[in-house]
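Take a look at the structure set out below.
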Amino acid sequence: MHATTSADTEHAAVWDALADLADPEIPVVSLRELGILRGVRSGGDGTPEVVITPTYSGCPAMGQIEDDVRAALASAGITARVVTQLAPAWTTDWMTEAAREKLRAYGIAPPQCGSEPTHQAAPLKFSRQAMRSAVVPCPQCGSTHTTETSPFGSTACKAMYRCLDCLEPFDYFKPY
Ligand SMILES: [Zn+2]
């Protein structure tokens, strides 16, 4: 049996090994900041388990993320399993404020979460439409004069937008 302190040390080493591991699609943001890296726990046999939750259940980057986590652990000489946990489902609310800032700096508009109190009184059946028409500020110039050009951007997780002021196209990380 491992003493609690030894498991804690082991888990801290796992966190350290994965601290700077970036999202394969957004290299400026770490998996931890995105909320994809959920936690480290001890498996039934005492082996550390890294719990990851995909941003979308069909996210094609997930295989890449699992491989990256395994590679980072291996290069740190750590033996651990990678466990993909689908419930509770990932939400953009798990993204840290730092991650949102980095997305913006990278040119991707961060998800607009809970930023529509004015729509609260609208009937429920219009809420989907209200979300679609949410104002997405341009990450380049900050203008709110933007328009969606395609519901799917470089990945299914993002939509394509275009700023009508600076005319720059940009990706919008859709709220989920
Ligand atoms: Zn702009």
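Okay, here's what the table says:
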read-out	value
Matching residues, the range 22-42, being assigned to a loop (DSSP other than H, G, I, E, B) and either among the charged types (D, E, K, R) or at pLDDT 95 or above (or both)	Asp23, Glu25
Check on Val14, outside any strand (DSSP E or B), surrounded by 15 or more Cβ atoms within 10 Å (Cβ to Cβ) and at pLDDT 90 or above	yes
Cross-chain or 6+ apart pairs with Cβ under 6 Å, the range 83-99 first and on the phi > 0 side of the Ramachandran plot, then surrounded by 11 or more Cβ atoms within 10 Å (Cβ to Cβ)	none
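The values are calculated or read from the model by the stated rules, or taken from the named source; none is laboratory data. No experiment lies behind these values; they were computed from the predicted model shown. Positions of Cβ are generated from backbone atoms using ideal geometry, with glycine treated the same way; all protein chains shown enter the neighbour counts.
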